[in-house]
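Participant: Questions regarding the structure given below will be posed in turn.
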Amino acid sequence: MTISQTSGLSQERRERAFQEAVSFAKFVEEAQVNQRTLTANYEAYAPEERQLDFLNDRQEPVDVLVLAHDWCGDVVANLPLFGKIADRTDKLRLHILNRDPDNQDIADLYKHADGRSHIPTYVFFDQSGQELGVFIERPAEITALLGQWIESFWNEHPELEGRGKPISELGESEKKELLRYLKLRRTEVIGQEQEAILREIQSIVSR
């Protein structure tokens, strides 16, 4: 999901966030839950040079402030692509922070359409500190696929309880099975997700 807005994030707060943030490599090193999957997804993403021309052709780099946690499926799925892009071009610089507990004030400035903060949240800035745009969670087409996969999961497992409930309200065994299923299905469309996110990034930085 992409949104355009003036955040009100002060220069002082932005600079402090950048100082406290870590690189993608450090984020993976410190990961507590999904270090292996973060690494595997980083290796799986392989954008072609032509797909990065819109960044390489820029005169100045773009800074991206990221709110994330490595337990989040969307973070694990798409932050590695941002890490790969940052390593492939000097025109995208990542500044990654855990949202909780110390950066909820930033998250509150970039709420999802449902009124809550979601992760990952990517906030793009040019070198003057002007906000270019925000990308939250995942591309819309991946959200649509998630809905289809959840429906397929319950069709394939009629013996399980919890159909129609939010994932957060499922029993632990059902939640574990569903999340494992969604993780597997998402790896099947990593190329599609790569293309969708690259389009989102290009749309934001080209404004």
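The values are calculated or read from the model by the stated rules, or taken from the named source; none is laboratory data. Here the structure is a predicted model, which is why all the values come from computation and not from measurement. A quick note on method: Cβ atoms are made from the backbone with ideal geometry, for glycine too, and the neighbour counts reach across all protein chains shown.
Participant: If you scan the stretch 36-72, which residues turn out to be part of a helix (DSSP H, G or I) and among the small types (Gly, Ala, Ser)? Even if it seems obvious, please write down each step before you answer.
Facilitator: Keep residues of the stretch 36-72 that are part of a helix (DSSP H, G or I), which gives 36-44, 49-56.
Matches in the stretch 36-72: Ala40, Ala44.
Residue-wise test of (1) of a type in the set (S, T, N, Q); (2) in contact with a His (Cβ under 9 Å, 6 or more places away or on another chain); (3) over 24 Å from Ser206 (Cβ atoms).
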residue	(1), (2), (3)
Val33	no, yes, yes
Ala44	no, no, yes
Asp102	no, no, yes
Tyr122	no, no, no
Asp126	no, no, no
Gly129	no, no, no
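Participant: Turning to a different aspect of this structure: For Val33, which of the numbered conditions (1) in a loop (DSSP other than H, G, I, E, B); (2) farther than 24 Å from Val189 by Cα fails to hold?
Facilitator: (2)
Participant: Follow-up. Within the stretch 153-207, track down each residue that is among the small types (Gly, Ala, Ser), touching a residue at least 60 places away in the same chain (Cβ under 8 Å) and surrounded by 14 or more Cβ atoms within 10 Å (Cβ to Cβ). Break it down into steps so the answer makes sense when it comes.
Facilitator: Residues of the stretch 153-207 that are among the small types (Gly, Ala, Ser), as a first pass: 162, 164, 168, 171, 173, 191, 196, 203, 206.
Then keep just the ones that are touching a residue at least 60 places away in the same chain (Cβ under 8 Å); that gives 203, 206.
Across the stretch 153-207, the qualifying residue is only Ser203.
Participant: So which of Ile85, Ile119, Ile106 ends up being hydrophobic (A, V, I, L, M, F, W, C) and touching a Cys at 6+ places or on another chain (Cβ under 9 Å)? Quick ask: steps written out before the conclusion?
Facilitator: Numbers: Ile85 fails: touching a Cys at 6+ places or on another chain (Cβ under 9 Å); Ile106 fails: touching a Cys at 6+ places or on another chain (Cβ under 9 Å).
Criteria check complete, one pass: Ile119.
Participant: Hey, another quick one. As an exercise: evaluate Asp114 against (1) crowded, with 19+ Cβ neighbours inside 10 Å; (2) assigned to a loop (DSSP other than H, G, I, E, B) and give the number of the one condition it does not meet.
Facilitator: Evaluating Asp114 over (1) crowded, with 19+ Cβ neighbours inside 10 Å; (2) assigned to a loop (DSSP other than H, G, I, E, B) leaves (1) as the failure.
Participant: For Asp87, indicate whether it is modelled with pLDDT of 95 or more, under 19 Å from the mean Cα position of the chain (by Cα) and in a helix (DSSP H, G or I). Break it down stepwise before answering.
Facilitator: Details: modelled with pLDDT of 95 or more: yes; under 19 Å from the mean Cα position of the chain (by Cα): yes; in a helix (DSSP H, G or I): yes.
Spelling it out, Asp87 is indeed modelled with pLDDT of 95 or more, under 19 Å from the mean Cα position of the chain (by Cα) and in a helix (DSSP H, G or I).
Participant: While we're here: Quick check: anything in the stretch 133-152 surrounded by 15 or more Cβ atoms within 10 Å (Cβ to Cβ), in contact (Cβ under 8 Å) with a residue 12 or more places away in the chain and small (Gly, Ala, Ser)?
Facilitator: Within the stretch 133-152, one or more residues are surrounded by 15 or more Cβ atoms within 10 Å (Cβ to Cβ), in contact (Cβ under 8 Å) with a residue 12 or more places away in the chain and small (Gly, Ala, Ser).
Residues checked against (1) closer than 15 Å to Arg93 by Cα; (2) touching a Lys or Arg at 6+ places or on another chain (Cβ under 8 Å); (3) free of Cβ contacts under 8 Å to residues at least 40 places away in the same chain:
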position: Gln32; (1), (2), (3): no, no, yes
position: Glu48; (1), (2), (3): no, no, yes
position: Gln51; (1), (2), (3): no, no, no
position: Leu55; (1), (2), (3): yes, yes, no
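Participant: Could you please find all residues in the stretch 1-45 being among the aliphatic types (A, V, I, L, M) and either in contact with an Asp or Glu (Cβ under 8 Å, 6 or more places away or on another chain) or at pLDDT 95 or above (or both)? Give the derivation first.
Facilitator: Going through the stretch 1-45, the residues among the aliphatic types (A, V, I, L, M) turn out to be 1, 3, 9, 17, 21-22, 25, 28, 31, 33, 38, 40, 44.
Matches in the stretch 1-45: Met1, Leu9, Ala17, Ala21, Val22, Ala25, Val28, Ala31, Val33, Leu38, Ala40, Ala44.
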